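I have placed the structure first, in the form of structure tokens, so that the comments after it can refer back to it.
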Amino acid sequence: LPDGDVLIGDPELDMMDEVDTAQFDINLAETIDDKELSRKARELVSFYENDREARSEWEERYKDGLRTLDPDGGMDEGESERATRGLSVVVHPLIAEAATQFNAKAIAELYPSGGPVKSVIIGDPDEKVEEQGRRVREFMNYQITQEMPEYFPDLDQMLFHLPLIGHTFKKVWWDANLDRQCSSFVKAEDFVVAPESKDLYTSPRYTHVIRMPKNDFNRYVKNGYYLPTKYGGGDGLDPSGDTIGEIEGVDQSDDSNDDVMTLLEMHVYDLFDGIDGEEIDDDDDDDNAVAIPYVITIDYENQNVVSVRRNWKEDDEEKKRRDWFVSYKFLPGLGFYGFGLYHMIGGLGKAATGSLRALLDSAAFSNMQGGFKLRGRVQGGDMQISPGEFVDLDSTVDDVNKAIMPLPFKEPSGSLFNLLGYMVDAGQRFASTADLNIGDVNPNAPVGSTVALIEQGSKAFSAIHKRLHYAQGQEFKLLAGLNAENLPDEFSFSQAGAAEVIYRSDFDDRIDIVPVSDPNIFSTAQRIAQAQAVLEMARSAPQFHDLYQAYKRMYEAIR
């Protein structure tokens with residue numbers, strides 16, 4: 001240069017690198033050295049495999065929980081083995097009934113016909129803020145019911161998995177291919193956390209295992225979301241697919257030409273040399289370095305990094321990790337993972353199946369007895385004898401009873417039948433499937449007594465419903481945050497035949513997004529009983545009540 005300084009490198013290229021790195025949402029894998037990416041991929045894949053190995057016993061229990069829906073009922077003796085011996089293969093639906101009823105109750109509360117979202121005003125309400133809350137509520141209900149077709153099927157499937165294995169996840173993110181917000185059900189087996197994790201928000205590392213068709217991956221590459229990678233030829237099969245295939249009767253083979261890739265989307269704290277103001281010196285002790293959150297996606301077969309993205313909000317100077325996942329638990333459990341029905345009443349389910357099979361086998365042997373006959377003394381072999389029919393026998397003895405001896409099979413035991421009833425009642429009581437029969441309630445009893453009976457019989461479900469309500473609230477907050485970042489400044493949508501307008505600025509701190517479900521009310525019967533109690537009190541003392549509101553609440557309760 002004229003002043004004697006020497007500049008090494010190409011000024012234009014250096015300036016381009018600075019501009020690219022300054023773009024917050026870019027794929028940093030395009031700017032990081034290939035050797036550094038390869039080293040990072042090997043390190044993170046090793047972490048993932050260690051994390052998965054640490055929970056190997058949990059995965060076996062996970063599969064055992066799914067096998068409660070198997071035609072064998074998860075019993076040690078298989079269906080075909082019993083069938084060849086002429087034994088009963090029936091399975092008692094204790095756990096399946098509990099899972100089905102839980103799904104039916106929960107989906108009705110978490111996804112009502114009018115939409116699952118309501119808005120709450122933070123601070124002092126005025127007409128302007130109330131109108132803002134109405135717009136947010138109507139738009140998010142429109143968004144979830146109309147623009148996100150995956151929401152209801154995924155929620156429905158998640159609420160069937162949840163009681164069986166105890167823990168599921170929802171992922172809320174902006175999809176580059178669909179160009180919209182998405183909320184997807186993530187099975188617990190596809191979500192691997194560090195073994196020392198206590199909860200999702202303080203976990204030092206977790207991995208979402210994504211199985212994606214090669215064509216979908218190529219679309220992400222075309223949109224600039226992932227770097228291209230060579231297909232490694234892996235099968236991309238679900239690790240529990242064989243178990244699910246046995247239950248469904250579907251063979252999970254990979255004979256087709258549908259290439260499926262396995263991606264590891266790892267949410268980690270890390271440091272990259274020269275990225276985000278961090279300079280790493282190999283000679284220095286980096287034990288005191290403060291790592292920052294990234295989302296690093298790796299092609300598992302090739303162990304290639306295809307994406308490195310910052311995982312904090314652009315205006316967050318503290319660089320706190322963003323959360324894209326919501327944890328749904330059936331029962332709290334003792335550590336990170338929740339407990340399901342299999343953990344609690346799986347033994348009762350197997351015992352009920354065993355008792356029911358024993359009763360049916362006993363009845364079959366009692367009605368169709370077998371025994372011994374002297375060889376050569378009685379001829380005829382196996383015979384099918386219809387009622388009222390006498391069959392000729394070729395016998396060399398005067399008394400056929402001397403040549404044939406039936407085994408002393410007993411009729412079904414009354415004690416075993418009572419034991420079966422006890423086990424089923426215990427399982428239903430725990431799973432809250434022994435619902436109160438409203439027809440058995442004294443119609444002259446006070447409404448408060450009816451409410452108390454309903455609540456007494458559903459304490460366990462009430463606690464589960466509170467956990468679901470909290471988790472769905474976290475999911476809606478993540479969705480509202482994405483709306484604040486990605487919606488246009490003004491967006492028009494149709495609602496109930498009229499055009500509505502939502503503004504991106506509507507998603508601010510003045511409005512809180514919560515589920516429309518009530519954490520204290522978990523059934524229609526309870527809601528109607530409470531509304532009826534309020535209406536009766538309003539009628540008895542109209543001077544202290546608003547009868548219009550009391551009747552309105554009753555009409556809303558009965559839909």
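Read-outs throughout are calculated quantities, based only on the coordinates presented, and are distinct from any laboratory measurement. This one's a predicted model, so the numbers in the text were calculated from it and none came from an experiment. No Cβ is skipped: glycine too gets one built from the backbone with ideal geometry, and neighbour counts run over all protein chains shown.
Which of Lys63/Lys319; Lys350/Lys410; Lys63/Lys222; Lys319/Lys477; Lys198/Lys222 have a Cα-Cα distance over 28 Å?
Numbers: Lys63/Lys319 38 Å; Lys350/Lys410 23 Å; Lys63/Lys222 37 Å; Lys319/Lys477 19 Å; Lys198/Lys222 38 Å.
Among Lys63/Lys319; Lys350/Lys410; Lys63/Lys222; Lys319/Lys477; Lys198/Lys222, the Cα-Cα distance tops 28 Å for Lys63/Lys319; Lys63/Lys222; Lys198/Lys222.
Taking the square roots of 5 times each eigenvalue of the Cα gyration tensor of the stretch 73-168, largest first, gives ellipsoid semi-axes of 47, 12, 9 Å.
Fully extending the segment from Tyr551 to Glu500, taken as 0.36 nm per residue of separation minus the present Cα-Cα distance, adds 15.4 nm.
To the nearest 0.05, what FRET efficiency results for Asp25 and Glu248 with a Förster distance of 41 Å applied to their C-beta separation?
Details: r = 40 Å, r/R0 = 0.98.
Calculated transfer efficiency: 0.55.
A straight chain from Arg42 to Arg219 at 0.36 nm per residue would run longer than the Cα-Cα distance by 61.2 nm.
Here the peptides 312-323, 470-481 are ranked by packing, the mean other Cβ count within 10 Å, and the order with the highest first is 470-481, 312-323. Per-residue extension of 0.36 nm, minus the Cα-Cα distance of Asn177 and Ala463, leaves a gain of 99.1 nm for this segment. Across the cross-link table entries Lys170/Lys329; Lys118/Lys170; Lys128/Lys466, which are compared at the Cα atoms, the separations over 22 Å belong to Lys128/Lys466.
Using only the Cα atoms of the stretch 488-551, what semi-axes does the equivalent ellipsoid have when each is the square root of 5 times a gyration tensor eigenvalue? Give whole Å, largest first. Walk me through the numbers before you get to the answer.
On the way: eigenvalues 271, 50, 37 Å².
They are 37, 16, 14 Å, listed largest first.
Please work out the FRET efficiency for the pair Glu131 and Glu60, using the Cβ-Cβ distance as r and a Förster radius of 35 Å; give the result to the nearest 0.05. The pair Glu131/Glu60 has a calculated efficiency of 0.05. Taking 45 Å as R0, compute the FRET efficiency from the Cβ-Cβ separation of Glu318 and Leu419 and round it to 0.05. Approximately 0.15, to the nearest 0.05.
Find, among the trypsin sites (Lys or Arg not before Pro) in the stretch 196-229, those assigned to loop by DSSP (not H, G, I, E, B) with at most 16 other beta-carbon atoms within 10 angstrom.
On the way: sites: Lys198, Arg205, Arg211, Lys214, Arg219, Lys222; in loops: Lys198.
Within the stretch 196-229, the qualifying trypsin sites (Lys or Arg not before Pro) (loop, at most 16 other Cβ atoms within 10 Å) are Lys198.
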